[in-house]
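The structure appears below as structure tokens.
Values quoted throughout were computed directly from the atomic coordinates according to the rules given, and no laboratory measurement underlies them. Bear in mind that the values here come from a model prediction, so they are computed numbers and not experimental data. As a convention, Cβ positions derive from the backbone with ideal geometry for all residues, glycine included, and neighbour counts pool all protein chains shown.
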Amino acid sequence: MSLEVHTGATPNGWKVTVMIEELIEAGVDLPEVNYHTVSLRGDQFTDAYMAINPNQKLPTLVHDGRPIIESCAILHYLGEMFPTSLFPTDERRWDVIPWLYWQAANIGPVFGNKLSYTRYINDATDEQKAHPLERFGKEALRLVAVMDHQLAKHPYLASDEFTVADIATWCWVRSYKWSKVDITTKPRVLDWVHRVRARPGVERGIAFGVPKDEIDKFSKERREQYKRGGGSIASNTALKSDL
Ligand SMILES: N[C@@H](CCC(=O)N[C@@H](CS)C(=O)NCC(=O)O)C(=O)O
């Protein structure tokens with residue numbers, strides 16, 4: 001049964017494309033993979049998309065007729081379904097699973113909010129943005145310090161091995177310049193960013209939806225496009241509190 005991947009060129013979206021490429025790199029004979037690009041200009045709110053993802057966000061994986069929502073649950077699912085060192089199946093999975101949850105509960109929301117207030121939100125004054133910017137900026141730096149603490153113990157976030165916890169976290173932290181979170185005071189974290197970037201599977205995964213010459217640095221036009229998209233999402237006009 002094929003893997004139907006509904007995703008886009010965003011940090012949460014790239015987690016899945018990186019995972020697929022890392023599984024291929026690990027020698028897994030995957031079933032056919034079909035990609036469906038979700039445009040955040042409204043695809044997420046359509047009845048067809050909500051039938052597989054009632055939470056109205058990307059990504060979603062559909063395998064064997066079963067939709068899996070939440071990027072980290074997708075990494076967990078693929079890790080269990082296709083066993084490799086990316087997701088240990090013995091008791092060592094308990095080194096990894098807490099850090100996968102940690103990403104979902106901390107890095108994603110905090111870096112996401114820091115990014116929104118730094119780059120996207122354009123219908124609030126500087127004064128209104130000051131408190132959330134300070135709050136999410138400080139919290140992001142605290143999380144980077146937690147990463148540094150982990151990386152002092154072993155070369156990857158959760159263990160000696162590169163795992164789904166690194167995939168999930170890296171997809172957010174790698175854009176530290178865009179979200180203006182200064183990780184450069186933590187050389188271990190910076191080194192981890194570069195080491196993970198050098199992996200061929202990661203290189204192919206983050207190329208999803210982006211021209212090859214813009215993988216590491218978006219063009220001015222693309223940055224404007226993300227700002228417009230992020231601004232319209234952050235303006236909350238499409239949010240429905242009654243489904
Ligand atoms: N916790 C979710 C977050 C997903 C998420 O926020 N996705 C963003 C793109 S990175 C999205 O679909 N945003 C659309 C919107 O907010 O309307 C996950 O990890 O899958």
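Identify the residue in region 98-121 that is aliphatic (A, V, I, L, M) and free of Cβ contacts under 8 Å to residues at least 40 places away in the same chain and, among all such residues, is nearest to Val164 (Cα to Cα). It would help to see each step written out before you state the result.
The first filter runs over region 98-121 and keeps only residues aliphatic (A, V, I, L, M), leaving 100, 104-105, 107, 110, 115, 121.
From what is left, the residues that are free of Cβ contacts under 8 Å to residues at least 40 places away in the same chain are 105, 110.
On the way: Ala105: 15, Val110: 19 Å.
Looking at residues that are aliphatic (A, V, I, L, M) and free of Cβ contacts under 8 Å to residues at least 40 places away in the same chain, I get Ala105.
Out of all the residues in region 81-88, is one or more buried (at least 23 other Cβ atoms within 10 Å of the Cβ), touching a residue at least 60 places away in the same chain (Cβ under 8 Å) and within 19 Å of Ile206 (Cβ to Cβ)?
First, the residues of region 81-88 that are buried (at least 23 other Cβ atoms within 10 Å of the Cβ): 86-87.
If we keep only those that are touching a residue at least 60 places away in the same chain (Cβ under 8 Å) as well, we get 86-87.
With the extra rule that they be within 19 Å of Ile206 (Cβ to Cβ), the set shrinks to 86.
Yes, there is a match, as at least one residue in region 81-88 is buried (at least 23 other Cβ atoms within 10 Å of the Cβ), touching a residue at least 60 places away in the same chain (Cβ under 8 Å) and within 19 Å of Ile206 (Cβ to Cβ).
Considering only residues that are within 12 Å of the ligand (Cβ to nearest atom) and of a type outside the set (Ser, Thr, Tyr), which ones fall in region 111-120?
From region 111-120, those within 12 Å of the ligand (Cβ to nearest atom) are 111-113, 115-116, 120; that's our starting set.
If the condition is that a residue be within 12 Å of the ligand (Cβ to nearest atom) and of a type outside the set (Ser, Thr, Tyr), then Phe111, Gly112, Asn113, Leu115 are the ones that fit.
Are any residues in region 186-222 part of a helix (DSSP H, G or I), among the charged types (D, E, K, R) and more than 16 Å from the ligand (Cβ to nearest atom), and if so, which ones?
Start the filter on region 186-222 by keeping residues that are part of a helix (DSSP H, G or I), which leaves 187-197, 200-205, 212-214, 220-222.
With among the charged types (D, E, K, R) added as a condition, the list becomes 188, 191, 195, 197, 203-204, 212-214, 220-222.
The answer is Arg188, Asp191, Arg195, Arg197, Glu203, Arg204, Lys212, Asp213, Glu214, Lys220, Glu221.
Determine whether region 121-129 contains at least one residue that is surrounded by 17 or more Cβ atoms within 10 Å (Cβ to Cβ) and away from the ligand (no atom under 16 Å from the Cβ). Give the derivation first.
Step one: list which residues in region 121-129 are surrounded by 17 or more Cβ atoms within 10 Å (Cβ to Cβ), which gives 121.
When the remaining residues are screened for being away from the ligand (no atom under 16 Å from the Cβ), the result is none.
No; the residues of region 121-129 include none that is surrounded by 17 or more Cβ atoms within 10 Å (Cβ to Cβ) and away from the ligand (no atom under 16 Å from the Cβ).
Among residues belonging to region 132-172 that are surrounded by 17 or more Cβ atoms within 10 Å (Cβ to Cβ) and small (Gly, Ala, Ser), point out the one that is farthest from Val110 (Cα to Cα).
The selected residue is Ser159.
Of all residues in region 8-46, how many are crowded, with 16+ Cβ neighbours inside 10 Å, within 8 Å of the ligand (Cβ to nearest atom) and part of a helix (DSSP H, G or I)?
5
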